[in-house]
1. Accessible area per residue for the chain in Å², computed with a 1.4 Å probe and the full protein assembly in place, what is it?
2. Can you list the residues, at least 5 places off or on another chain, whose amide H is less than 5 Å from the amide H of A309, using H built in the peptide plane?
3. Report Rg (one decimal) and Dmax (nearest whole number) for segment 287-370, counting Cα atoms only, units Å.
4. Within segment 330-348, name every residue whose backbone N is under 19 Å away from a label modeled 7 Å from Cα of S64 along the Cβ vector.
5. Please check which bits of segment 268-311 a label hung off V247 would reach, taking the label as a point 7 Å along Cα-to-C-beta and the cut-off as backbone N under 16 Å.
6. With the calculation restricted to Cα positions, what are the radius of gyration and Dmax of segment 11-154 in angstrom?
7. Roughly how many Å² of E241 are accessible to a 1.4 Å probe, to the nearest 10?
8. Roughly how compact is segment 238-339, stated as its Cα Rg over 2.2 N^0.38 Å to two decimals?
Amino acid sequence: MRFMRVMEGEPVNVNEFQELARQALPKMHYDYYTGGAEDQYTLEENVEAFRRITFQPRLLVDVSRIDFSTTVLGYDISAPIMIAPSGLHKLAHPEGEIATARAAAASNTIMVLSSMSSCTMEEVASSCNAVRFFQLYVYKSRDVSAQLVQRAERNGYKAIVLTVDVPRLGQREADIKSKMILLQIKNFEGLSSTKVDNDDGSKLEAFAKRTFDDSLCWRDIGWLRSITKLPILIKGVLTREDAIKVVEVGVAGIVVSNHGARQLHYTPATITVLEEVVHAVGGKVPVFLDGGVWQGTDVFKALALGAQAVLIGRPAIYGLAAKGEYGVRKVIQMLKDELELTMALSGCPSVKDITRSHVRIQHEKFHSML
């Protein structure tokens, strides 16, 4: 479990932002952002698995200048840290996704806007000038999905991130207990009603059951490619077999993800399968990772195991809940500072210098192809 320090003054790590968020938010909203599936084993394992990876630093390397900038799908970003798609940011702060987008732009990184956002994609696009991607679920009404994709293209989003691990919503016990209320999902205005009648549990679960297409399969990737010129990333890959299929269907990249441990209970921690996926694609497409990234050391470990960049979800939300746009910027900067220090102490002047030989894994607890 993460150790929560008693704070005095400004937070000095992401964990302390989580505590500020807990203090700031109604319990229902905090539980929505924080909770995982069932007894939350995978949620804890996402973090603990990083702890089983240690460093093998190189000494006497000139680290007087550290460069952690990188590129994603040809776009330059200041560091290999992006904002993962997550829904309903107005539950955390009145400015919602607009504040998150401005923080990402100020940090010179990419935000992936969730289709379940509480601001429209048009509002976010007009809020600041930045590279953004759009996250998509495929709905039972394919016309709704197609219109969302077309709007993303018109509003300058540079890629579609297709989430494929939600044929049904996972068993999120905190949301069921709290009878989670569903805010208006702005992107669906004029397309589909988000109103649900469900007094027995989470309204989010009821909405997903009614709208998400649980017949989605590999052949449908061809349909999505046929309606957009944007590159497509597949989010939710956890196995070698699916990674190979991603390459076969011709998409632009993979996000190794277990949906923040909110979907299938007892899926592996994402960092434990990253290397398997990287080996399977053999450099044909870039591989990204989300899940369990709380420190700059975690970013370094993911890069060493083959990720091109990581995406952060809950840390950004906690920054947003605690201090709005400034809080998100602060969280990103914390991770950058921690990554820079880790690179310097490990003897890596640039991200290209970070290699597999810089980390060691406790193999008895690590799922790998080695």
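1. Dividing the accessible area of the chain by its residue count gives 42 Å².
2. L289
3. Both quantities, over Cα of segment 287-370: 14.0, 43 Å.
4. 341, 343-348
5. From segment 268-311, the list is 274-288, 306-308.
6. When restricted to Cα atoms, segment 11-154 yields Rg and Dmax of 18.4, 59 Å.
7. Result for E241: roughly 110 Å² accessible.
8. 1.14
The values are calculated or read from the model by the stated rules, or taken from the named source; none is laboratory data. What you see is a predicted model; the values in this text were computed from it and never measured. Don't worry about glycine lacking a Cβ; one is built from the backbone with ideal geometry, like all the others, and counts go over all protein chains shown. Areas reflect the complete protein model, heavy atoms only, side chains present, ligands, DNA and RNA absent. Shrake-Rupley method; radii C 1.70, N 1.55, O 1.52, S 1.80 Å.
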